[in-house]
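The values are calculated or read from the model by the stated rules, or taken from the named source; none is laboratory data. Since the structure is predicted, the reported quantities are computational estimates derived from the model, not experimental observations. Every residue, glycine among them, receives a Cβ derived from its backbone with ideal geometry; neighbour counts consider all protein chains shown. Note: areas computed on protein heavy atoms with side chains; ligands, DNA, RNA excluded. Shrake-Rupley method; radii C 1.70, N 1.55, O 1.52, S 1.80 Å.
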2 protein chains.
Amino acid sequence: MTRNAAEQPPASPQTPSRREQILGAAAELFARYGFHGVGIDDIGAAVGVSGPALYRHFRSKDAMLGEMLTGISEKLLRGGRARTASTANPAEALESLVRWHIEFALTNSALITVHLRDLDSLTEPDRHRVRELQRGYVEVWVRTLLTVRPELDEDTARASTHAVLGLINSTPYSARLDTGTMSALLHRMAMGALGTEPRPR
Amino acid sequence: MTRNAAEQPPASPQTPSRREQILGAAAELFARYGFHGVGIDDIGAAVGVSGPALYRHFRSKDAMLGEMLTGISEKLLRGGRARTASTANPAEALESLVRWHIEFALTNSALITVHLRDLDSLTEPDRHRVRELQRGYVEVWVRTLLTVRPELDEDTARASTHAVLGLINSTPYSARLDTGTMSALLHRMAMGALGTEPRPR
DNA sequence: CAACGTTGTTAGTGATCGTTAACGTACTTA
DNA sequence: TAAGTACGTTAACGATCACTAACAACGTTG
């Protein structure tokens, strides 16, 4: 039986760089023009091959978006869990979450944009999975926030979380300050929005 | 000469309700599926007529999006200017801007979503016009913010503005609290993010 | 060397979709 | 009543686009 290269990424240790190169280029294009606004030929051209060559690496255009968004969502959740698990102090955990999301947003602004924009272009199973991961990530935030500020009810904590994530995710629309300054600014603003005083140093 | 109904909205006083009804339905659909993800037939079905009947009211699908986004941008800018013009005290003006944007976002969440998402699907002249209006609106914020906090440089003020707008624009992703509570929460968080209270040190 | 898997090419196919054409109908008005 | 206008309808056209078919070059390996 002939192995189809367009299936799941090989569980083998060595990941062929080509898939990720394609996903990277596709992410930039999707971020700029939207999933439906980008053609297969455009993506191919962006990586130096033309058109249907991509089907040697991905089953379909939908599969590209699916892998892209599930990948980012898993990474985000994993990072969030790691930050909160490694910190006993809740206030520090919250600050750690803020730092994590800022770092992530500044490093992967194209993916953030696609994530906000083209979630509904996913196939049903992929969309379901991504929503689940998203929910999990928000839940990490909500639980941490509720520990720090027990006077909040859960819906308020959830809305606050969405608001702070929206604040940090605004990065792709700014990007005029250098990374360090931007990171510090977002950190200060996020903590201010969450109503926690900047921790004395 | 036969007057073409698909031209500019009649300068006459009475605006036919049909155009706005169509724009409203289209906004909801665009918000949910993206501009390229919605067909003309879908929009028609949403208002009870089927398909090409819309060309009696709009020159093209692009024209719908164009009118939608220039409309919202103009309204936003006009409202922003009005709020700042009617207030002498800068701190109050800033708070007024926050309140205005919150009210606007809560009332027009579909349009906010489309505005963030499908700006690049506009035709070149429309996109140019919308960008201009956007820039003007941000400028109102930046100037007000710089008056309240003169220690900020302009780029920081601009990035802060984008961040606060991102915070408020997160509304479409939450929407679990009732309007009043949500409005109050966003107001508190926005002001906190802007650091209006005296900063220690 | 021969068989094969990998990765690319170009040409074509079927579906979708925005748009136009041709036509029908009801309401207003001279 | 006749003409005109507003607002629909269905059918078809043309372009775009995701995807497939058929084929080729090349490195690896038995």
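Summary table below
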| item | result |
| --- | --- |
| Matching residues, region B:84-93, being under 14 Å from B:Val142 (Cβ atoms) and either of a type in the set (D, E, K, R) or over 18 Å from the mean Cα position of the chain (by Cα) (or both) | B:Pro90, B:Ala93 |
| Pairs, first within 12 Å of chain B (Cβ to nearest Cβ) in region A:146-158, second open to solvent by less than 40 Å² (accessible area, probe 1.4 Å) and of a type outside the set (Val, Ile, Thr), C-beta under 6 Å, six or more apart | A:Asp155/B:Leu177; A:Ala157/A:Leu145 |
| Qualifying residues in region B:47-67 (those that are in a helix (DSSP H, G or I) and hydrophobic (A, V, I, L, M, F, W, C)) - the one surrounded by the most Cβ atoms within 10 Å (Cβ to Cβ) | B:Leu65 |
| Selection within region B:166-189 - facing chain A (nearest Cβ under 7 Å) and either over 30 Å from A:Arg131 (Cα atoms) or in a helix (DSSP H, G or I) (or both) | B:Gly166, B:Leu167, B:Tyr173, B:Met182, B:Leu185, B:Leu186, B:Met189 |
| Selection status of A:Gly44, modelled with pLDDT of 95 or more, within 16 Å of DNA strand D (Cβ to nearest atom) and open to solvent by less than 40 Å² (accessible area, probe 1.4 Å) | yes |
| From the options A:Ser160, A:Ser121, residue that is closer than 24 Å to B:His187 by Cα and polar (S, T, N, Q) | A:Ser160 |
| Test: residue in region A:95-110 that is open to solvent by 20 Å² or more (accessible area, probe 1.4 Å) and within 13 Å of chain B (Cβ to nearest Cβ) | yes |
| So B:Ala184, is it open to solvent by 60 Å² or more (accessible area, probe 1.4 Å) and among the hydrophobic types (A, V, I, L, M, F, W, C) | no |
| Residue check for A:Asp126: within 10 Å of chain B (Cβ to nearest Cβ) and among the acidic types (Asp, Glu) | no |
| Single match in B:Val130, B:Val114 (criterion: aliphatic (A, V, I, L, M), closer than 20 Å to B:Ala163 by Cα and within 16 Å of DNA strand C (Cβ to nearest atom)) | B:Val114 |
| Filter pass, A:Leu106 being farther than 27 Å from A:Pro125 by Cβ and more than 16 Å from DNA strand C (Cβ to nearest atom) | yes |
| Given (1) part of a loop (DSSP other than H, G, I, E, B); (2) within 16 Å of DNA strand C (Cβ to nearest atom), number of the condition A:Gly44 does not satisfy | (1) |
| Leading residue by the ranking (nearest to DNA strand C (Cβ to nearest atom)) among those in region B:32-41 that are on the phi < 0 side of the Ramachandran plot and open to solvent by less than 20 Å² (accessible area, probe 1.4 Å) | B:Val38 |
| Residues within region A:107-158 that are within 12 Å of the chain's Cα centre (by Cα) and not in a helix (DSSP H, G or I), tallied | 1 |
| Pairs with Cβ under 8 Å, 6+ apart, first in region B:48-63 and touching a residue at least 40 places away in the same chain (Cβ under 8 Å) and more than 14 Å from chain A (Cβ to nearest Cβ), second more than 8 Å from DNA strand D (Cβ to nearest atom) and open to solvent by 50 Å² or more (accessible area, probe 1.4 Å) | B:Phe58/B:Glu67; B:Arg59/B:Glu7 |
| Residue within region B:130-140 that is in contact (Cβ under 8 Å) with a residue 12 or more places away in the chain, crowded, with 18+ Cβ neighbours inside 10 Å and facing chain A (nearest Cβ under 9 Å) present | no |
| Complete set of residues in region A:14-31 that are more than 12 Å from DNA strand D (Cβ to nearest atom), under 17 Å from B:Asp118 (Cα atoms) and open to solvent by less than 60 Å² (accessible area, probe 1.4 Å) | A:Ala27, A:Ala31 |
| Flag for A:Thr147 being farther than 18 Å from A:Arg81 by Cβ, modelled with pLDDT of 95 or more, polar (S, T, N, Q) and open to solvent by 20 Å² or more (accessible area, probe 1.4 Å) | no |
| Index of the failed condition, B:Val114 passing every other in (1) in contact (Cβ under 8 Å) with a residue 40 or more places away in the chain; (2) open to solvent by 10 Å² or more (accessible area, probe 1.4 Å); (3) within 13 Å of chain A (Cβ to nearest Cβ) | (2) |
